[in-house]
Amino acid sequence: MTDQELDQLRRAKWHLDGRPVHTLDDARSFLESVGFCLMYPQRPSVLAPTFIGAWVGSDDHLPPWQQAFADPRAQEAAELMVRLLRDRSAYEANLFGENNAFLVAGSIFPYFYAMAGERNPKQAPKAGPRSEYSELACDAFAAIQRGGPISKQKLQEVLGGSVSYGALDHALGELGVKLRITRVDYNPAEGSFWDVLYRWSPDAVREGIELSVGEALSALLSKYLDCVIAADQQELETLFGNFAPRSRIREALNALQAARELEFIRVGKRSLVQLTPARPEPVARIPAAPRRS
């Protein structure tokens, strides 16, 4: 395979070949096909599709999140993305900062929850010197747990008018990293709406809790390689290193290779790993009928 052929396969898979994703059904199909994607291009770049790219049908002059507010294409793509959140076809995760959503398909989300989510999601987080949560994040969780789904505007009022939107966004980001909460809706008048994840999607959370980390990571690595066609180990570690130790990523890759789920392929001058293609089932031979004498 050449580098150009690999690029063409990815562009077709990621809907960058002039086939824009504009309907809800098309958006569901796209996200289920790729498994997970960024909302906007990331800098430094990450080998992953983007939802804005699929909506446009091209990767030409796509806006980063800093410019999305001024780009009509980004606003329309965001409206379609929110529709996916509403019907639980997609979930957001805070892997690349508070402003660039990482979208996960509904069918893949339990595996992602097993990697990043809390094993006891109903237990309220506590602030402290060794805690991952600030006092404001703990207060926000309690307010969402008590009154959600709740808009960010209403949440600010509940927490006190002195809380700035910037501080509240940071607190929501702390909760989002551990999948404590999820954005479930948006409207221009009130902004984003949030709910505790275990209440919004109890089945997905329950399934994620029952999965082992190794099982979940193997499934996510396999789905990612299906999405990008082929990748090198550095590209895999760049993405998955956001929520898993690199040593565990290497262990999962070695286990998949030992099980012959993965194989190496030469692409240009690089040796990349890909999913082992399915072998065709042998065709059973039908014995010839005996000749009549």
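The values are calculated or read from the model by the stated rules, or taken from the named source; none is laboratory data. This structure is a prediction, so every number in the text was calculated from the model and none was measured. Positions of Cβ are generated from backbone atoms using ideal geometry, with glycine treated the same way; all protein chains shown enter the neighbour counts.
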For the range 1-106, please list each of the strands (runs of 3 or more DSSP E) lying entirely inside it that holds at least 3 residues being modelled with pLDDT under 95 and out of contact with any Leu (no Cβ under 9 Å at 6 or more places or on another chain).
none
So in the range 171-192, with the set limited to residues that are within 16 Å of Asn94 (Cβ to Cβ) and of a type in the set (A, V, I, L, M, F, W, C), which one is surrounded by the fewest Cβ atoms within 10 Å (Cβ to Cβ)?
Val177
Number of positions in the range 200-235 that are out of contact with any Phe, Trp or Tyr (no Cβ under 8 Å at 6 or more places or on another chain), of a type outside the set (S, T, N, Q), surrounded by 17 or more Cβ atoms within 10 Å (Cβ to Cβ) and closer than 16 Å to Pro110 by Cβ:
1
Farther than 19 Å from Glu92 by Cα and of a type in the set (S, T, N, Q): does that describe Thr23?
yes
Considering only residues that are of a type outside the set (S, T, N, Q) and touching a residue at least 40 places away in the same chain (Cβ under 8 Å), which ones fall in the range 145-157?
Gly148, Pro149, Ile150, Lys152
Residues within the range 158-200 that are touching a residue at least 60 places away in the same chain (Cβ under 8 Å), within 15 Å of Leu136 (Cβ to Cβ) and assigned to a helix (DSSP H, G or I), tallied
6
Name the residues in the range 16-39 that are polar (S, T, N, Q) and in contact (Cβ under 8 Å) with a residue 60 or more places away in the chain, would you?
Ser33
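Yes/no per residue for (1) farther than 29 Å from Asn187 by Cα; (2) at pLDDT below 95; (3) hydrophobic (A, V, I, L, M, F, W, C); (4) not assigned by TED's automatic domain parsing to the domain that holds Tyr186:
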position: Pro110; (1), (2), (3), (4): no, no, no, no
position: Pro121; (1), (2), (3), (4): no, yes, no, no
position: Arg130; (1), (2), (3), (4): yes, yes, no, no
position: Tyr133; (1), (2), (3), (4): no, yes, no, no
position: Gln145; (1), (2), (3), (4): no, no, no, no
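Output the residue which, of all residues in the range 135-165 that are among the hydroxyl-bearing types (Ser, Thr, Tyr) and within 26 Å of the chain's Cα centre (by Cα), is surrounded by the most Cβ atoms within 10 Å (Cβ to Cβ). Lay out the reasoning, then the answer.
Initially, the range 135-165 is screened for residues among the hydroxyl-bearing types (Ser, Thr, Tyr), giving 151, 162, 164-165.
Still in the running and within 26 Å of the chain's Cα centre (by Cα): 151, 165.
Details: Ser151: 18, Tyr165: 11.
Result: Ser151.
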